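S.K.: First the structure, then my questions, so here it is.
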Amino acid sequence: MYLIIVFILVVCPIIINFTQRIAMPEYGEILGVTKLRSNIYVFCHKGYVLTKDGIRRIYVFEDRYPFRLQTEIKANKISYLVDIGSSEKENCLYVSDFQEKCVWKITRETDDTYKIIKWLTTDYAPQTMSVSRYGELLINNQSSQSLMIYGSDSELIRSIPLTRDSKYSGDVVETSIGNFIFIHLHEDEEDEHEHEDENEDEDENEEEVKEEEKEEEDVVMEERKQTELVSVASDKDEDEDEDKDEEEEKNKEDVVMQEEKHTDLLESRQEKGGLKRRKSVYVVCELTRDAQLVIRSFIPSNKTQQLGFYPRLSIDSDDRVFVASPGNDRVCLLDSDLKWNRILCPTGEEKEEQVIIGSRHFFYDEEMKQLIVGREFSDNSQVNVYTLRL
């Protein structure tokens, strides 16, 4: 008699729904979003961000529907916020101040008021930061290309040199096993295989290239011809009749059209490899604990996966990585092995005015399974809340 055991792997799809748009008390640029205990904190600035003028407020909302406003924290002593984070262990908020070269600590007092102190002063301008599961503060020191790790008493615990690829790096977060996920700007190297393929296809594409070159020469010749016509037309006496003026305008329009055609040809040839350019893309890497060895990387393989300008990171307890891509106005999800999973938001459920533009500031609330995304532009600042089923 044999006992046969069958294991069935059930893969549950990820479901995300647009839950609520949090009503902001007033317009202002959103500079940071986080959550601590049962409250959502949204840092807003009204006025020119690079000066001490203006109004700085941290609005405190409930973390569940209908997300009522609880209070506001006056934060005018903070000059130039770059990032905001929260520590469950220390029950506090941290704010990095680029201009003052410091980190502020915000704590809630017994009478429900908030206290803001200058907790850490640095010799560099702190920018992006995160809080580890042990309550340590991780700051990417871009001036020295090092990861700075501070304890709860603001003492420097470790300074870890990052890899050579970290020159234009951003967020750094810690995984469940103590490795680091960080994001940086990567320049594509020329691929030798790409050159081999080009040589193999050279005969096939020779006629096509010749036709394109001839067409481009024709465009340049026509452009020069039209430019000369415009030059002649512009030198004529101002008292010429209306027909001549119309002819001049037509010639100018022809020049513009030829220039646009020329530009299209150049772009077409760039796409086909006619002109070589080094491409820069943001990639996400997992580093060892000493931050010297890259274990795995996510490199976008198509336009959909491109992360856009200045992306931001967050991570959950299963080491899934959330990436906000403000250049593409969306938040996407990577699996724990840094493989592409999907775009989380926008979902398509939002109305046009509810779609987040410039979604750089966000927070994943693992307890409530909520993705909180802030729109930073002052003309229409807003915060969207999405509910996830992972």
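The values are calculated or read from the model by the stated rules, or taken from the named source; none is laboratory data. Model, not experiment: these values are computed from the prediction. Cβ coordinates were reconstructed from backbone atoms using ideal geometry, including for glycine residues, and neighbour counts include every protein chain displayed. Ligands, DNA and RNA are stripped out before the accessible areas are found, and what is left, the full protein with its side chains, is counted by its heavy atoms. Shrake-Rupley method; radii C 1.70, N 1.55, O 1.52, S 1.80 Å.
S.K.: So which of Lys35, Lys89 is open to solvent by less than 50 Å² (accessible area, probe 1.4 Å) and under 25 Å from Arg133 (Cβ atoms)?
M.R.: Only one candidate qualifies: Lys35.
S.K.: Of the residues Ile15, Ile55, only one is of a type in the set (Val, Ile, Thr), under 23 Å from Ile356 (Cβ atoms) and at pLDDT 90 or above; which?
M.R.: Ile15
S.K.: Can you tell me which residue among Leu293, Leu334, Leu388 is more than 22 Å from Gly170 (Cα to Cα), among the aliphatic types (A, V, I, L, M) and in contact with a strand residue (DSSP E or B) (Cβ under 9 Å, 6 or more places away or on another chain)?
M.R.: Leu388
S.K.: Okay, moving on. Count, please, the residues in the stretch 120-154 that happen to be open to solvent by 20 Å² or more (accessible area, probe 1.4 Å) and more than 19 Å from Leu93 (Cβ to Cβ).
M.R.: Of the residues in that region, 6 qualify.
S.K.: State whether the residues of the stretch 324-333 include one that is more than 12 Å from the chain's Cα centre (by Cα) and within 12 Å of Ile181 (Cα to Cα).
M.R.: Checking the stretch 324-333: not a single residue is more than 12 Å from the chain's Cα centre (by Cα) and within 12 Å of Ile181 (Cα to Cα).
S.K.: Can I ask one more? State which residue pairs qualify: first residue touching a residue at least 24 places away in the same chain (Cβ under 8 Å) and over 18 Å from Val60 (Cβ atoms) and inside the stretch 11-40, second residue surrounded by 17 or more Cβ atoms within 10 Å (Cβ to Cβ) and among the hydrophobic types (A, V, I, L, M, F, W, C) in any location, beta carbons under 6 Å apart, and separation of 6 or more residues or different chains.
M.R.: Short answer, once both residue conditions are applied: Ile16/Leu344; Ile16/Leu388; Thr19/Val385.
S.K.: Further, regarding this structure: Do the conditions hold for Ser96, that is, is it open to solvent by less than 20 Å² (accessible area, probe 1.4 Å) and modelled with pLDDT under 95?
M.R.: Criteria not met by Ser96.
S.K.: Tell me which strands (runs of 3 or more DSSP E) are completely within the stretch 24-123 and hold 2 or more residues being among the β-branched types (Val, Ile, Thr), or say none if there are none.
M.R.: Where strands (runs of 3 or more DSSP E) fall fully within the stretch 24-123 and carry at least 2 residues being among the β-branched types (Val, Ile, Thr), they are 29-36, 39-46, 55-62, 69-74, 81-87, 102-108, 114-121.
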